[in-house]
Amino acid sequence: MILRSRAIWATKGCVIGDAAVRVRGDRITGVGGYRDLLPDDGEPVVDIGESIIFPAFVNAHCHLEYSGLAGELSRDVSFTDWLNQMVSIKQSLTHDDHETAWLAGAEMLLRSGCGTVVNIESLPGLYKRMAPETPLQVCPFTELIGYHPEDVSELVDLAKRELMANAPLALNAGLSAHAPYTVTPEALNVLAMFADEHSLCTTIHLAESDDEWEMFTDESGPLYDTMGALGRLMDDCGMGTPVQHLAKSGGFAKKTMVVHANRLTEADVELLWRADADVVHCPRSHAWFGHGGFDYDRLAKAGLNISLGTDSLASVGEGRETVTLDMFAEMQEFSRNHPNLACEDILQMATANGAAAIKLENELGQIRDGFIANMSMIPFNGTLSEVPEMILHHSGSVEMLMIEGRRAFSRGDSIVD
């Protein structure tokens, strides 16, 4: 099948007018000008008219099962107080609550043009039950929490069980040591070695808050007090920043996505570069917590791959405000805070950079021959030079989303099956 549209944004620096893309099975097998992509005998050609086709978004960090928590948590509290609220609320949630929220979050992402998401799976068995219920390519990263020395073997056993169940169903399955304050240094090292042994990607919340910073650098603050009261040994604190702590622990795997990275020293940036880490920024969550400016320029100058994620709805919006998981909204929030960055660079963060973060840079994030046919479509009413800006500033759902060459979402009856 050939899809013809007014414009295709294939990747940074590649906008094609009067464009076409050929899809065979689940793959893209050609892209270019419509007159250069001749149909084979009997091959259907579908003209979708005044539209832009662009790569489906790759959301590099999400918590789908918290999609029912929008407006449920207090905003004007410390990070530690927010964590305590989360623990309390999670204790009241049932399996049905988690499943309903997980599927609702997946639907939100589909409607907003997201084809692939790195999801932190905190409830064992949930992904295996939910994955067949959505066309969204959910990459399950098993969340691992264990801050007592005796927890190490249990965490490895959990990782093995979940990977055995999840990997056959997923495009990519990985591990998520929650954070350095909830996982012992020994466990951080053991899990990183396990990931490397099995060629797994990992992700970790790191350098997220001032409370975390105070815990590791100053041996003080509300998070230090809370974790100590829970029985965590605190003798690894007072010896450096959170990033330095992870490095000393041997917690960087060969492929580690560092989520947030909100507070960094020059030495931290150097360590992230030496670890070949990827950084995932969640702009709306960052703004909700009132963190200082995200240090994009310094990270980019160091050559780090930076992608975007939505985080969860537990840290977006407030009160009765209606909020959804939405990569357009994340890009727009990022653009407001980094107005000098080109639209195409931001689009790359939401597409190709996210794919690279999970070692799928040759499969996802671009409209390119041989890539998986994950594509979004929105209306087009401007000039070719305006295409990247029109994508970035789009609001509402996409017109249609295709995942693996099949329609995953459309606003109405789509002309593409």
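In the stretch 209-235, what count of residues is obtained for those that are assigned to a loop (DSSP other than H, G, I, E, B) and under 15 Å from residue 146 (Cα atoms)?
Matching residues across the stretch 209-235 total 5.
Out of all the residues in the stretch 136-154, which are surrounded by fewer than 21 Cβ atoms within 10 Å (Cβ to Cβ) and of a type in the set (Gly, Ala, Ser)?
153
Could you please let me know if residue 248 is charged (D, E, K, R) and in a loop (DSSP other than H, G, I, E, B)?
no
In the stretch 225-240, which residues are open to solvent by 50 Å² or more (accessible area, probe 1.4 Å) and either of a type in the set (A, V, I, L, M) or farther than 16 Å from residue 186 by Cβ (or both)? Show your work before the answer.
Within the stretch 225-240, the subset open to solvent by 50 Å² or more (accessible area, probe 1.4 Å) is 225, 229-230, 233, 235, 239.
Selection gives 225, 229, 230, 233, 239.
Examine the stretch 73-84 for a residue that is without any contact (Cβ under 8 Å) to a residue 24 or more places away in the chain, out of contact with any His (no Cβ under 7 Å at 6 or more places or on another chain), open to solvent by 70 Å² or more (accessible area, probe 1.4 Å) and over 23 Å from residue 159 (Cα atoms), and state whether such a residue exists.
yes
Would you point out which residue out of 200, 163, 171, 191 is crowded, with 24+ Cβ neighbours inside 10 Å and either aliphatic (A, V, I, L, M) or over 22 Å from the mean Cα position of the chain (by Cα) (or both)?
Exactly one of 200, 163, 171, 191 is crowded, with 24+ Cβ neighbours inside 10 Å and either aliphatic (A, V, I, L, M) or over 22 Å from the mean Cα position of the chain (by Cα) (or both), namely 191.
Would you pick out the residues in the stretch 18-49 that are more than 14 Å from residue 367 (Cβ to Cβ) and among the small types (Gly, Ala, Ser)?
25, 42, 49
How many of the residues in the stretch 390-402 are touching a helix residue (DSSP H, G or I) at 6+ places or on another chain (Cβ under 8 Å) and either β-branched (Val, Ile, Thr) or surrounded by fewer than 16 Cβ atoms within 10 Å (Cβ to Cβ) (or both)?
Qualifying residue count for the region: 4.
Given (1) of a type in the set (A, V, I, L, M, F, W, C); (2) closer than 21 Å to residue 276 by Cα; (3) in contact with a strand residue (DSSP E or B) (Cβ under 7 Å, 6 or more places away or on another chain), identify the lone condition not met by residue 183.
Of everything listed in (1) of a type in the set (A, V, I, L, M, F, W, C); (2) closer than 21 Å to residue 276 by Cα; (3) in contact with a strand residue (DSSP E or B) (Cβ under 7 Å, 6 or more places away or on another chain), residue 183 misses just condition (2).
Answer with yes or no whether residue 37 is surrounded by 20 or more Cβ atoms within 10 Å (Cβ to Cβ) and either at pLDDT 95 or above or of a type outside the set (Phe, Trp, Tyr) (or both).
Against the criterion (surrounded by 20 or more Cβ atoms within 10 Å (Cβ to Cβ) and either at pLDDT 95 or above or of a type outside the set (Phe, Trp, Tyr) (or both)), residue 37 does not qualify.
Scan the helices (runs of 4 or more DSSP H) fully inside the stretch 61-151 and keep the ones with 1 or more residues being under 20 Å from residue 408 (Cα atoms) and within 15 Å of the chain's Cα centre (by Cα).
Ranges flagged: 95-111.
Determine which member of the set 318, 363 is touching a strand residue (DSSP E or B) at 6+ places or on another chain (Cβ under 8 Å) and open to solvent by 30 Å² or more (accessible area, probe 1.4 Å). Before the answer, list the steps.
Working: 318 fails: touching a strand residue (DSSP E or B) at 6+ places or on another chain (Cβ under 8 Å).
Just one listed residue meets the conditions, 363.
Taking the stated definitions as given, is residue 184 open to solvent by less than 40 Å² (accessible area, probe 1.4 Å) and touching a Gly at 6+ places or on another chain (Cβ under 7 Å)?
Yes; evaluated as a whole, the condition is true for this residue.
Which of the residues belonging to the stretch 368-417 are of a type in the set (S, T, N, Q) and more than 19 Å from the chain's Cα centre (by Cα)? Lay out the reasoning, then the answer.
Looking only at the stretch 368-417, we keep the residues that are of a type in the set (S, T, N, Q), and these are 374, 376, 381, 383, 385, 395, 397, 410, 414.
The answer is 381, 383, 385, 395, 410, 414.
Which one of these does residue 47 not meet: (1) open to solvent by less than 30 Å² (accessible area, probe 1.4 Å); (2) over 29 Å from residue 312 (Cβ atoms); (3) among the charged types (D, E, K, R)?
For residue 47, the exception is condition (1).
Out of the stretch 258-285, which residues are open to solvent by less than 20 Å² (accessible area, probe 1.4 Å), touching a residue at least 40 places away in the same chain (Cβ under 8 Å) and not in a loop (DSSP other than H, G, I, E, B)?
Those that are open to solvent by less than 20 Å² (accessible area, probe 1.4 Å), touching a residue at least 40 places away in the same chain (Cβ under 8 Å) and not in a loop (DSSP other than H, G, I, E, B): 258, 259, 260, 268, 278, 280, 281, 283.
Go through the stretch 87-121 and give me each residue that's among the β-branched types (Val, Ile, Thr) and open to solvent by 10 Å² or more (accessible area, probe 1.4 Å). Outline the logic, then answer.
At the first step, the residues of the stretch 87-121 found to be among the β-branched types (Val, Ile, Thr) are 87, 89, 94, 100, 116-118, 120.
87, 89, 94, 100 - these are the residues of the stretch 87-121 that are among the β-branched types (Val, Ile, Thr) and open to solvent by 10 Å² or more (accessible area, probe 1.4 Å).
Of everything in the stretch 228-257 that's in contact (Cβ under 8 Å) with a residue 60 or more places away in the chain and of a type in the set (Ser, Thr, Tyr), which residue is nearest to residue 283 (Cα to Cα)?
256
Can you tell which of 292, 250 is open to solvent by 10 Å² or more (accessible area, probe 1.4 Å), at positive phi and either at pLDDT 95 or above or not hydroxyl-bearing (Ser, Thr, Tyr) (or both)?
250
Output the number of the condition that residue 213 fails; it satisfies all remaining conditions of (1) surrounded by fewer than 21 Cβ atoms within 10 Å (Cβ to Cβ); (2) out of contact with any Lys or Arg (no Cβ under 6 Å at 6 or more places or on another chain).
Only one criterion is unmet by residue 213, namely (2).
The values are calculated or read from the model by the stated rules, or taken from the named source; none is laboratory data. Everything numeric here is computed off the predicted structure, so don't read it as measured data. Please note: Cβ atoms are built from the backbone with ideal geometry, for glycine as well, and neighbour counts cover all protein chains shown. These area figures cover heavy atoms from the full protein model, side chains too; ligands, DNA and RNA do not enter into them. Shrake-Rupley method; radii C 1.70, N 1.55, O 1.52, S 1.80 Å.
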